[in-house]
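Shown next, in structure tokens, is the structure this report addresses.
Coordinate-derived values only; no laboratory data. A quick note: this is a predicted structure, and the numbers were derived from the prediction, not measured. With ideal geometry, Cβ positions are generated from the backbone for all residues, glycine too; neighbour counts draw on all protein chains shown.
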Amino acid sequence: MSDTGNEIQSKDFIRTIIDEDLASGRYDKVHTRFPPEPNGYLHIGHAKAICLNFGIAKDYNGMCNLRMDDTNPAKESMEYVEAIKDNIRWLGFDWEDRLYFASDNYEKLYELAVKLIKMGKAFVCDLTADQIREYRGTLTEPGKNSPFRERTVEENLDLFEKMRNGEFEDGSRVLRAKIDMTSPNLNMRDPVLYRVLRANHYRTGDKWKIYPMYDWTHGSCDSFEGITHSICTLEFEDHRPLYEWFLQTLGLYMPRQVEFARLNLTYTVMSKRKLLTLVNEKAVTGWDDPRMPTLSGLRRRGFTPASIRDFCSRIGVSKVNSVVDYAFLEFCLREDLNKTANRVMAVLDPLKVVIENYPDDLVEYMDAENNPEDPNAGTRKIPFTKELFIERDDFMIDPPKKYFRLSPGKEIRLKNGYYIKCVDYKTDADGKVVEVICSYDPATKGGWSEDGRMVKGTSHWVSASKGIKIEVRLYDKLFLKPDPEVVGENERFTDFINPDSIKILSDCIAEPSLAEAKAGDNFQFLRQGYFVADKDGTKEKPVFNRSVGLKDSWAKTQSKNQ
């Protein structure tokens, strides 16, 4: 069992396979890798793979490499590389000195391709991309050989060198492996190894005029690095015979590939291509928009590394594709923040309260507990003054039965403050309440009555003169339907974006302690939910994003189903 940050990962089928490999002597160590393509920001699905690969390495006192599989220069950048590294460190994992790039192996991969040609196992093909698809056949019909398949070794070597030298137009020729066009596995039907492509690579510049395909690169790099267990998602199961063919044919070391089900999450998309579409079409503010399922977005939303690791541990590892409810991810965050987030008071829809019998210039500092779940969290001082703000919903002129908040003649408790009773109120020309006039009982300081009388209602509050203005951003699900990738004719996944996925409240008031909040600091706003300080905030006006509400719909649903 693994214990990383208080999360416990039980034995899964991959760890069982590793146990068997070690016991049989197939391997005497464990060496994994996390191999992202630097063509976008990592998302929550990648977090599952990160936790699995780095977690397994830790469990077995092994090693885990970080490798950028950078084979598509048109879509890759150093920005993505740095974001990937930052996200992995934030999650709590370390690749130490083992950062690799597939592009470091371009020359070696080229030499191996030349070796395949000399073995009569690869050829240069002049068919267009459409023709190659046509010749490949279907799942029920075999493919047919390219008319260029029987070129001589000498001709193929000459053409491949000319491809490298940039003597042909982009897309005019490819290098293909010579395997079996009748194979039931379409990946084995003479796959493309190299294409002509004039594109500036973020690391190698314009040195190369040809670039290796992902399938040719990925398995080969695993072999170069001495990986013992190449852990992939299920879509690579049909690619495994191809990787093995490459390595066996070339006589190279072969890792063991094991596939697991990728993470699918409701109300979001997990394709980097679709996430890039959201960014490019400005449906979101960027890769780190708090509505995005990217790790950068979740981090800005207020998710903690512990909550994401816990989520990945709880959902487990299997061979069966399934969909996880987004509410479960929120449940894991709520579980963590309940233990770690300090409690504060903020009023999101302010209504002024004037305590008529409280001294005009008096400021009292009330003791407040920072976190009842953490005895070591300490206390803080909150200023109490004659004029306060409460939530507008906490006052009604003509309340229904079982309404325990403030109303004419009704007494309530102010959290950590005093008992107050409404004696009057003021409205504007439209009849909207603009001020509530109250009296207070000096014998109830701290929110408790000396005579033992009880009140049912408790409201949070903020001093009108000592409180600070804050902006609050209330986030909801980015999409309106659980699976936005299921679209009808003439529909796009972007058609289902939730128009109310963000609501900005600009006139909120919070206790002054929040003026010192730094971006990434988590809090529970009493009775409101969990919030995190955002990077857009300033000293004059901090900004807070709602991470998750206090209500736990997922846990309630689970208890009903049991």
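For an R0 of 25 angstrom, estimate the FRET efficiency from the Cβ-Cβ distance between residue 198 and residue 82 and round to the nearest 0.05. Each step should come with its number before you reach the end.
Numbers: r = 26 Å, r/R0 = 1.03.
The computed FRET efficiency comes out at 0.45.
Going down the table (401/503; 75/209; 272/477; 469/535), which pairs top 20 Å between alpha carbons? Write down the numbers at each step before the final one.
Numbers: 401/503 31 Å; 75/209 16 Å; 272/477 18 Å; 469/535 16 Å.
Over 20 Å apart, Cα to Cα: 401/503.
Treat every Asp and Glu Cβ in the chain as -1 and every Lys and Arg Cβ as +1, leave all other atoms uncharged, and give the resulting dipole magnitude about the Cα centre to the nearest 20 debye. Spell out each step's value before the answer.
Values: 82 positive and 90 negative charges, 92 e Å.
Rounded to the nearest 20 debye, it is 440 debye.
Divide by every residue of the chain the summed helix terms, -39500 (n - 2.57) for each DSSP H run of at least 4, and state the resulting mean residue ellipticity at 222 nm, rounded to the nearest 500 deg cm²/dmol.
Numbers: 13 runs with 148 residues, N = 562.
That comes out to -8000 deg cm²/dmol.
Choose one of 251, 287, 218: the residue whose Cα lies farthest towards the positive end of the charge dipole of segment 210-310 (beta-carbon charges +1 Lys, Arg; -1 Asp, Glu; about the Cα centre).
Of 251, 287, 218, it is 287.
What does the charge dipole of segment 2-265 about its Cα centre add up to, to the nearest 20 debye, if the Cβ of each Lys and Arg holds +1 and the Cβ of each Asp and Glu holds -1?
Numbers: 35 positive and 44 negative charges, 81 e Å.
Result for segment 2-265 is approximately 380 debye, rounded to the nearest 20.
Using the count of nearby Cβ atoms within 10 Å as a rough guide to exposure, how do 402, 518, 339, 162 rank from fewest to most?
Numbers: 402 6, 518 9, 339 12, 162 15.
By the 10 Å Cβ count, ascending: 402, 518, 339, 162.
How much length is gained if the chain between residue 448 and residue 144 is pulled fully straight, taking 0.36 nm per residue apart and subtracting their Cα-Cα distance, in nm to one decimal? If you can, show how the numbers build up before the last one.
Working: separation 304, 0.36 × 304 = 109.44 nm, distance 8.56 nm.
Difference between extended and current length: 100.9 nm.
Farthest toward the dipole's positive end in the chain, which of 263, 533, 366, given Cβ charges of +1 (Lys, Arg) and -1 (Asp, Glu) about the Cα centre?
Positive-end residue among those listed: 263.
What lysines sit close enough to residue 466 to cross-link, taking a C-alpha to C-alpha distance under 16 Å and skipping anything fewer than 8 places away on the same chain?
Excluding near neighbours in sequence, the set is 352, 381, 386, 539, 541.
Figure the gain on full extension for residue 521 and residue 11 (residue separation times 0.36 nm, minus the Cα-Cα span) and round it to one decimal in nm.
On the way: separation 510, 0.36 × 510 = 183.60 nm, distance 3.40 nm.
The span from residue 521 to residue 11 would gain 180.2 nm if fully extended.
I'd like to know how segment 126-238 sits against the 2.2 N^0.38 Å rule of thumb: what's its Cα Rg over that expected value?
1.18
How big is the gap, in Å, between the Cα center of segment 90-155 and the Cα center of segment 5-83?
After rounding, the separation between the Cα centres reads 24 Å.
Quick one: of the DSSP bridges fully inside segment 343-467, what percent are antiparallel, nearest 5? Before the final figure, lay out the partial values.
Numbers: 24 of 32 bridges.
Close to 75 percent.
If you add up the charges near residue 26, with Lys and Arg at +1 and Asp and Glu at -1, over every other residue whose beta carbon is less than 12 angstrom from its beta carbon, what do you get? List each step's numbers first, then the result.
Numbers: positive: 29, 256; negative: 19, 20, 21, 28.
My count for the surroundings of residue 26 gives -2.
Under the rule that a partner needs its Cβ under 4.7 Å from the first Cβ, which Cys of the chain have none?
64, 125, 221, 232, 332, 422, 438, 508
Hey, for a label at residue 387 modelled as a point 7 Å past Cα toward Cβ, could you say which residues of segment 426-470 have their backbone N under 15 Å away?
So the set is 426, 434-438, 462-469.
How large is log10 of I(q)/I(0) for segment 7-133 at q = 0.16 Å⁻¹ when the intensity is taken from the Debye formula with one equal scatterer per alpha-carbon?
-0.95
With a point put 7 Å past each Cα toward its Cβ, work out how far residue 214 is from residue 455 in nm, to one decimal.
Placing both labels 7 Å beyond Cα along the Cβ direction yields 6.2 nm.
According to the Cα gyration tensor, what semi-axes, each the square root of 5 times an eigenvalue, does the equivalent ellipsoid of segment 188-270 have, listed from largest to smallest in whole Å?
Numbers: eigenvalues 117, 87, 34 Å².
So the equivalent ellipsoid measures 24, 21, 13 Å along its semi-axes.
If amide hydrogens are placed 1.01 Å from N in the peptide plane, which non-local residues have theirs closer than 5 Å to the one on residue 68?
Placed amide hydrogens put 100, 101, 102 under 5 Å from residue 68.
Any idea what % of Cα-Cα pairs in segment 343-467 are farther than 23 Å?
Numbers: 2269 of 7750 pairs.
It works out to 29 percent of all Cα pairs.
Please identify every one of the GluC sites (Glu not before Pro) in segment 20-101 that sits in a loop by DSSP and has no more than 16 other beta carbons within 10 Å of its own beta carbon.
On the way: sites: 20, 76, 79, 82, 96; in loops: 76, 96.
Passing both the DSSP loop test and the Cβ count: 96.
Just to be sure I understand: of the beta bridges DSSP finds with both ends in the chain, what percent are antiparallel, rounded to 5? Intermediate results must be reported in sequence, preceding the final value.
Working: 57 of 85 bridges.
Bridges in the chain are about 65 percent antiparallel.
With no solvent and one point per C-alpha, what does the Debye sum give as log10 I(q)/I(0) for segment 2-265 at q = 0.10, 0.15, 0.16 Å⁻¹?
Calculated log10 I(q)/I(0) at the listed q: -0.55, -1.15, -1.26.
Report the Rg/Rh value for the chain, based on alpha-carbon coordinates and the Kirkwood definition of Rh. Can you show the working numbers first?
Details: Rg = 30.6 Å, Rh = 27.6 Å.
When Rh is taken as the Kirkwood radius, the ratio is 1.11.
Would you work out which of 513, 35, 396 lies farthest towards the positive end of the dipole of the chain, given +1 charges on the beta-carbon of Lys and Arg and -1 on that of Asp and Glu, about the Cα centre?
396
Given 0.36 nm per residue, what is the gain on full extension from residue 158 to residue 89 after removing their alpha carbon distance, in nm? Don't skip to the end; give the middle numbers.
Values: separation 69, 0.36 × 69 = 24.84 nm, distance 4.58 nm.
Gain on extension, residue 158 to residue 89, equals 20.3 nm.
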